[in-house]
Amino acid sequence: MSSVVGRVNSRTLFMIAAILTIVNFCTANAQENSSDAVEALKLYVMPQSGPFRPDQIPVPQQELISAWARSAHADASAEAFTHWDGEGEIPANCAACHSGAGFRDFHGLDGSAPGIEGPTPVGGVVDCDTCHNPGLGEIAAITLPSGIEHPVAPGAQAACMTCHIGREAGVSVTKAVGEKDADTPDPTINFVNPHYALAGAMRLGSIGAGGFEYPGKSYSGRFFHARPINDCASCHDPHTLTVAEETCLSCHESGAPDAIRISRISYDGSGDISKGIRSDIEANSALLLKTIQDYSVKVAGAPIVFEHSYPYFFLDADQDGRGDTIDGRPQKYNAWTPRMLKAAYNWKFVNADPGAFVHNPHYALELLYDSIEDLSGPLDVDVEALGIQR
């Protein structure tokens, strides 16, 4: 039964609706004019065979549409698409990535001039026309949050890069701290959030300048995989969004990304190089967060805690691991120092890309190491003694 239903197309649905309409009409008027109703019904009887049988009508691209319908891009109940339901419209600065209509408006694919001037109605998702619009072939470059314009290959890559580059960059942090003293808390400094799912920015590394890069340090650029890897769709199924592990097996012994290690260096100081590089990034990330918390107590004088809700960092005066509240309202952290903000931004930047260990592990490790090193100065911590590597 499910296979039959799944293959019903719009023509069939129209015919079924017409039949039901006739049946309802006939039933309502049967007592008044039963003979006429019977004659009318005979004109709409479905044939016993022929090209219009529901179980014989193929739906082009049915498997791909079905795969997309099960993906995160099509999940109309997800926070990414329902966040603004209460307002009834999506703000212009959010719509390009949280609505197919907003995406087309942003790039001028709907016939309008590029750029979103007004809000977009809620209810949309990343639909088929977001990635299959013919106009995507005309998009040659994407402007990153750093202000850098980066070329993209014609087609779906423009869609991926539009929405997976974050909304802030290292220059945003530089602007936020200005010339303020590195270790003096300033209530006018707010956390700079790089946003979510910024795989494109991570992959570009220093070419996109998404992370806060410390002066005097060198950083890895775009992470190049060997062929056949050349764009997002080389690893991710463009409809299900899942990783095609068989592609990994082209070069790696394991198709499981978590198990892949591309370096013989133990970056986390454990000495264990049998595990995937992801473990090193997670360990150094945890160390950076702990160092940020130590710094918040010993230097900023106001304990900090991270939570998975805006604005992410909160005051934790009693150090119970939970953000403080006053009258039920969470207390956002307001004792940022420039040094602390730079490190926290990098921590969030790395963790905002769950696939950083694949997209650009070297860039991620460099940002983590340099942030730990910078905080360690005023904490009088010997970084070499930690055993971590850059």
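Data overview
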| read-out | value |
| --- | --- |
| Filter result (part of a loop (DSSP other than H, G, I, E, B) and either open to solvent by less than 30 Å² (accessible area, probe 1.4 Å) or touching a Ser or Thr at 6+ places or on another chain (Cβ under 9 Å) (or both)) within region 142-158 | 144, 145, 146, 152, 155 |
| Region 163-215, subset of a type in the set (Gly, Ala, Ser), within 21 Å of residue 333 (Cβ to Cβ) and not in a loop (DSSP other than H, G, I, E, B), residue least open to solvent (accessible area, probe 1.4 Å) | 170 |
| Conditions (1) within 19 Å of the chain's Cα centre (by Cα); (2) more than 21 Å from residue 342 (Cα to Cα); number of the one not met by residue 166 | (2) |
| Yes/no for residue 146 being among the hydroxyl-bearing types (Ser, Thr, Tyr) and free of Cβ contacts under 8 Å to residues at least 60 places away in the same chain | no |
| Residue match in region 355-365 (condition: in contact with a strand residue (DSSP E or B) (Cβ under 6 Å, 6 or more places away or on another chain), over 23 Å from residue 269 (Cβ atoms) and not aliphatic (A, V, I, L, M)) | no |
| Which numbered condition residue 63 misses (of (1) under 21 Å from residue 236 (Cα atoms); (2) touching a Ser or Thr at 6+ places or on another chain (Cβ under 8 Å); (3) among the acidic types (Asp, Glu)) | (2) |
| Selected residue (criterion: most open to solvent (accessible area, probe 1.4 Å)) from residues of region 57-72 that are more than 24 Å from residue 164 (Cα to Cα) and without any contact (Cβ under 8 Å) to a residue 40 or more places away in the chain | 63 |
| Region 80-112, residues that are of a type in the set (A, V, I, L, M) and within 21 Å of residue 156 (Cβ to Cβ) | 80, 95, 96, 101, 109 |
| Segments classed as helices (runs of 4 or more DSSP H), wholly inside region 248-363, with at least 2 members that are touching a residue at least 24 places away in the same chain (Cβ under 8 Å), open to solvent by less than 20 Å² (accessible area, probe 1.4 Å) and not charged (D, E, K, R) | 277-298, 338-351 |
| Residue selected from region 78-133 under the condition more than 18 Å from residue 238 (Cβ to Cβ) and among the hydroxyl-bearing types (Ser, Thr, Tyr), by the criterion modelled with the lowest pLDDT | 112 |
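The values are calculated or read from the model by the stated rules, or taken from the named source; none is laboratory data. This is a predicted model, so every value here is computed, not measured. Every residue, glycine as well, gets a Cβ built from its backbone with ideal geometry; the counts of neighbours run over all protein chains shown. The area values use the complete protein model at the heavy-atom level, side chains included, leaving out ligands, DNA and RNA. Shrake-Rupley method; radii C 1.70, N 1.55, O 1.52, S 1.80 Å.
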